[in-house]
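Here's the structure, in structure tokens; my notes come after.
The values are calculated or read from the model by the stated rules, or taken from the named source; none is laboratory data. In this text, all values refer to a predicted model and were calculated from it rather than measured experimentally. Here Cβ is always computed from backbone atoms with ideal geometry, including for glycine, and neighbour counts include all displayed protein chains.
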Amino acid sequence: MKGKFITFEGGEGVGKSTQIKLLSDFLKQKHYDTILTKEPGGTDLGVELRKILVTGNKDKMDAITEALLFFADRHHHLSEKIWPALENNTWVLSDRFADSTFAYQFYGHNARVSEENLRYLYKIAVGDFKPDLTIVLDIAPEIGLKRSFAKAETSDNKELRFENINIDFHNRLRNGFLQIAENEPDRCVVLDANKTIEELHQDIIKVVTERFGL
Ligand code: TMP
């Protein structure tokens, strides 16, 4: 693959969408072909899956059903969009990828779907492929959730299914992301999302320029 694949991860309201857009603008200024995408919902089929996954009652499906649907979205996303773009020398920035499934469906949902089974699903849906770099934005869930709910009030956003799960769930998934990053220090970098938008952007640029020698 000739392009680079960078994923942004973290809990609710950490500022992923803002930061991913700023990084995309930075890379484009440097004349790298870059696309921005997200999970769930990076393809037409994914948009339909996203509606099922992130709207409605928090209890409408269990962790196993969620994991299967997230991996279905992911495989389609990879084969339709991510892999062809990387082959085409394009950098792909994705707002969430597989770490979210381990953090939310395994750590968040208290191991109701086992890590071993998630790894098996990963093998089926993703194979041996993984991101070149994963940026984990970290913030206390109380702060992130407050931001998410405030944003939802001023928009038509009804995608609050996971936000509506209790704070213990959000604390567990935060620790899950930190654990994943600790286990894979070569791929993952954790950044403090309490900083201002510009400060965090500068931190991200530093990581990306150093990692890829830009
Ligand atoms: P977001 O794009 O606004 O972050 O919303 C996506 C939601 O879906 C978010 O609450 C996290 C959740 N999610 C999972 O639970 N597992 C996954 O694998 C992915 C990609 C997202």
Legend entry - Set 165, 205, 124: member being of a type in the set (Val, Ile, Thr) and within 12 Å of the ligand (Cβ to nearest atom): 165
Legend entry - Failed condition for residue 152, given (1) in contact (Cβ under 8 Å) with a residue 40 or more places away in the chain; (2) within 12 Å of the ligand (Cβ to nearest atom): (1)
Legend entry - Filter pass, residue 109 being under 18 Å from the mean Cα position of the chain (by Cα) and over 29 Å from residue 22 (Cβ atoms): yes
Inset, instruction - Those residues that are in a helix (DSSP H, G or I) and either surrounded by fewer than 16 Cβ atoms within 10 Å (Cβ to Cβ) or of a type in the set (Phe, Trp, Tyr) (or both), I need them from region 42-64; list them, please. - result: 44, 45, 47, 48, 51
Legend entry - Residue check, residue 67 under 13 Å from the mean Cα position of the chain (by Cα), buried (at least 16 other Cβ atoms within 10 Å of the Cβ), within 13 Å of the ligand (Cβ to nearest atom) and assigned to a helix (DSSP H, G or I): no
Legend entry - Odd one out for residue 24, checked against (1) farther than 18 Å from residue 209 by Cα; (2) in a helix (DSSP H, G or I); (3) small (Gly, Ala, Ser): (1)
Legend entry - Checklist (1) in contact (Cβ under 8 Å) with a residue 40 or more places away in the chain; (2) within 12 Å of the ligand (Cβ to nearest atom); (3) of a type in the set (Lys, Arg) applied to residue 51, failing item: (1)
Inset, instruction - Tell me which of these residue 142 doesn't satisfy, since it passes every other one: (1) touching a strand residue (DSSP E or B) at 6+ places or on another chain (Cβ under 9 Å); (2) free of Cβ contacts under 8 Å to residues at least 60 places away in the same chain; (3) more than 10 Å from the ligand (Cβ to nearest atom); (4) assigned to a helix (DSSP H, G or I). - result: (1)
Legend entry - Set 162, 177: member being of a type in the set (Phe, Trp, Tyr) and not in a helix (DSSP H, G or I): 162
Inset, instruction - State yes or no: is residue 85 at pLDDT 95 or above and either among the hydroxyl-bearing types (Ser, Thr, Tyr) or touching a Leu at 6+ places or on another chain (Cβ under 7 Å) (or both)? - result: no
Inset, instruction - Quickly run through region 100-129 and pick out the residues that are among the charged types (D, E, K, R) and buried (at least 16 other Cβ atoms within 10 Å of the Cβ). - result: none
